[in-house]
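Peer 1: Sharing a structure below in structure tokens format, with a few things to ask.
The values are calculated or read from the model by the stated rules, or taken from the named source; none is laboratory data. Predicted model only: the values in this text are computed from it and were never measured. Every residue, glycine among them, receives a Cβ derived from its backbone with ideal geometry; neighbour counts consider all protein chains shown. The protein model used for the area step is the full one, side chains on, heavy atoms only, and it has no ligands, DNA or RNA in it. Shrake-Rupley method; radii C 1.70, N 1.55, O 1.52, S 1.80 Å.
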Amino acid sequence: MAFDTSGPWCAAALLLPDRVIQRLEPMEKGQAERLVPLLEEVLAEAALNWSDLKALAVGTGPGNFTGVRISVAAARGLALGLGIPAIGVTRLEALAYGLPRPVLVIEDARRGQAYVQIFTPTGAGEAHLADRVVPACPATGSAAGETALPPAMPLAEAIARIAATRADRPQPRPAPFYLRGADAAPPADPPPVILP
């Protein structure tokens, strides 16, 4: 089972031996409340229970700060409760999955910047923020322009397929993949005084 809330959506995919069950619900808010019911709907369609899952896969970003934290926290909590591994997959590697190499992933990072990572036949380059990108090879992603390659499959399915290739070896616990700090700032007001 894979899921992602790193953007304005709630996405899930369940890999089965003969098919993939997927859901994608666009939403600006409400991912925290919708995620687990969505996963339960996917399980119900497959006539499975939580205890039937072998592993979880989660999109770790980059993306919406709160959305990434929602998915990662859910994956870690569910994995702990179910006693199964949780495997983190970045949105950039999921977008590149299944496309011919080399491919450059260019995702809108707002503020005139893009998240950029190259994937070659021999591996992946380092992900970074860029102000301006001129692709020297085929590109994909929301900021790749009019000639962008379409993704090979939906995001949650790519996350699930990548995680399936990693499930046979120990993985670190999923953690948010941020390339930039949060936009939110701590309050400027002094903290309250606690009376004895």
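Peer 1: Could you grab the pairs with beta carbons closer than 9 Å, sequence gap of 6+ or different chains, first residue in region 33-57 and within 14 Å of L82 (Cα to Cα) and open to solvent by less than 20 Å² (accessible area, probe 1.4 Å), second one among the β-branched types (V, I, T) and in a helix (DSSP H, G or I)?
Peer 2: As it stands, the answer is A57/I159; A57/I162, since those pairs meet every condition given.
Peer 1: Just the residues that are assigned to a helix (DSSP H, G or I) and not polar (S, T, N, Q), please, taken from region 140-170. Show your work before the answer.
Peer 2: Of the residues in region 140-170, the ones assigned to a helix (DSSP H, G or I) are 155-166.
If the condition is that a residue be assigned to a helix (DSSP H, G or I) and not polar (S, T, N, Q), then L155, A156, E157, A158, I159, A160, R161, I162, A163, A164, R166 are the ones that fit.
Peer 1: Further, regarding this structure: Take the residues in region 58-73 that are in contact with a helix residue (DSSP H, G or I) (Cβ under 6 Å, 6 or more places away or on another chain) and of a type in the set (A, V, I, L, M, F, W, C), then tell me which one is least open to solvent (accessible area, probe 1.4 Å).
Peer 2: The extreme case among them is V58.
Peer 1: When the residues of region 129-139 are narrowed to those that are in a loop (DSSP other than H, G, I, E, B) and out of contact with any Leu (no Cβ under 8 Å at 6 or more places or on another chain), which ends up modelled with the highest pLDDT?
Peer 2: At the first step, the residues of region 129-139 found to be in a loop (DSSP other than H, G, I, E, B) are 131-138.
Now narrow it down to the ones that are out of contact with any Leu (no Cβ under 8 Å at 6 or more places or on another chain): 131-132, 134.
Values: D131: 93, R132: 86, V134: 86.
Out of the qualifying residues, it is D131.
Peer 1: Among the residues of region 85-99, is there at least one that is in contact with a Ser or Thr (Cβ under 9 Å, 6 or more places away or on another chain), over 20 Å from T165 (Cβ atoms) and surrounded by 14 or more Cβ atoms within 10 Å (Cβ to Cβ)? Even if it seems obvious, please write down each step before you answer.
Peer 2: Step one: of region 85-99, the residues in contact with a Ser or Thr (Cβ under 9 Å, 6 or more places away or on another chain) are 88-91, 95-96, 99.
Right, trim to over 20 Å from T165 (Cβ atoms) and you get none.
Checking region 85-99: not a single residue is in contact with a Ser or Thr (Cβ under 9 Å, 6 or more places away or on another chain), over 20 Å from T165 (Cβ atoms) and surrounded by 14 or more Cβ atoms within 10 Å (Cβ to Cβ).
Peer 1: (1) at pLDDT 95 or above; (2) among the small types (G, A, S); (3) closer than 17 Å to D4 by Cβ; (4) not in a strand (DSSP E or B): which one isn't true of G88, the others all being true?
Peer 2: (4)
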